[in-house]
1. Using all alpha carbons of region 121-297, what is the percent of pairwise distances in each 10 Å bin, ordered from the shortest bin to the longest?
2. To the nearest whole percent, what portion of all C-alpha pairs in region 270-380 is separated by more than 16 angstrom?
3. Reported to two decimal places, what Rg/Rh ratio describes region 314-379 when computed on Cα atoms with Rh from the Kirkwood expression?
4. I want to check the label-to-label distance for residue 150 and residue 133. Put each point 7 Å from Cα in the C-beta direction and report it in nm to one decimal.
5. Could you tell me the relative contact order of region 121-297? Use alpha-carbon pairs under 8 Å, at least six residues apart, and round to a whole percent.
6. Cut-off 10 angstrom, C-alpha nodes, Gaussian network model of the chain. Which of 156, 217, 63 fluctuates the most?
7. Once you have a ≥ b ≥ c as the square roots of the Cα gyration tensor eigenvalues for region 169-215, tell me rounded if a/c is under 1.5, and otherwise prolate or oblate according to whether a/b is larger than b/c.
8. State the dimensionless ratio Rg/Rh of region 1-77 (Rg: radius of gyration of Cα atoms; Rh: Kirkwood radius).
């Protein structure tokens with residue numbers, strides 16, 4: 001089946017009342033240029049629509065490419081999700097021959113997918129804006145892990161877990177979007193319509209992998225990356241990219257040669273990091289996490305942001321960890337406690353540090369300069 005161009009869909013949505021069948025009560029929400037508000041991806045364009053009687057907004061997804069079995073798949077997905085009461089999942093309804101489009105295609109009426117409109121931003125955008133904020137990233141990691149634990153306890157799977165398919169609402173809650181690759185129990189024995197996005201999928205995943213475990217590897221990879229970034233934001237600058245987090249498809253092929261894996265060794269004093277790293281390695285070896293409990297995603301909830309003390313106690317120094325220059329930090333790498341007197345030349349404090357303790361650089365007479373990251377909020 002041939003599908004219209006985005007420009008042809010746009011013309012049809014301008015006159016939605018005349019061109020929609022069952023959904024003729026919806027009107028397009030306009031952008032700053034007076035055009036229907038929309039966003040487009042590789043295989044579809046999504047319009048923001050509004051029911052003027054109730055004021056509720058919806059996302060109307062119009063397809064630009066054929067996907068075999070789409071109608072039956074979405075019928076099964078809608079049946080599975082109908083009674084799922086969770087903010088992690090949104091309402092979906094597939095309507096065949098719903099939208100009339102004047103186009104060069106042989107057909108005149110085309111299917112649409114109706115979903116609740118999620119106010120917020122993608123997790124990809126949220127991370128780009130907040131990755132230097134340790135508390136914000138710790139909360140994001142905590143909320144993602146709660147969602148991961150919930151999803152692993154369900155009989156269905158999303159199929160393409162990645163930051164661009166997760167919405168972050170204004171209150172911080174997360175919602176999964178884009179269900180084109182979803183697995184539900186009624187599909188058991190079928191082939192997967194996707195193998196996910198390469199920088200978040202197991203390197204050996206094929207279309208034959210299609211069950212409730214297909215999200216496990218992506219969940220483990222993203223959770224570990226979020227945890228690491230919350231502890232050391234500079235990792236995203238050094239190992240990340242605009243369309244992925246810390247790991248790339250090349251890393252997955254041989255973790256023993258991954259520079260990201262090497263960098264994570266510095267964070268293993270953190271218990272949550274150790275747990276998530278263990279799950280990631282298990283998912284890498286087995287392609288899924290069926291051998292472990294979903295409760296392992298239950299990382300500790302971050303404490304509210306606190307006023308950081310600059311006092312350095314003997315107990316602090318006793319439990320400290322050191323960097324390669326012998327500078328002592330708290331075990332969470334948030335407080336710089338003490339630098340050795342032999343430190344000389346130029347020294348750069350680790351990204352993510354919040355506090356420089358009292359007398360931290362006392363007697364460092366050969367130290368010429370100190371580079372202080374933006375994360376530092378308090379200096380003793």
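1. Whole-percent P(r) values from 0 Å outward: 10, 41, 38, 10, 1.
2. Result: 66 percent of Cα pairs exceed 16 Å.
3. A ratio of 0.92.
4. It works out to 2.1 nm between the two label points.
5. Details: 270 pairs, mean separation 45.2, N = 177.
Once divided by the residue count of region 121-297, the mean separation gives 26 percent.
6. Among 156, 217, 63, the largest mean-square fluctuation in the Gaussian network model of the chain belongs to 63.
7. Cα axes put region 169-215 in the oblate bin.
8. Values: Rg = 13.1 Å, Rh = 13.4 Å.
Reported Rg/Rh, Kirkwood definition of Rh: 0.98.
Bear in mind that the values in this text are calculations on the coordinates, not laboratory data. The structure presented is a predicted model; accordingly, all values stated were derived computationally and were not measured. Note: ideal-geometry Cβ built from the backbone for every residue, glycine included; neighbour counts use all protein chains shown.
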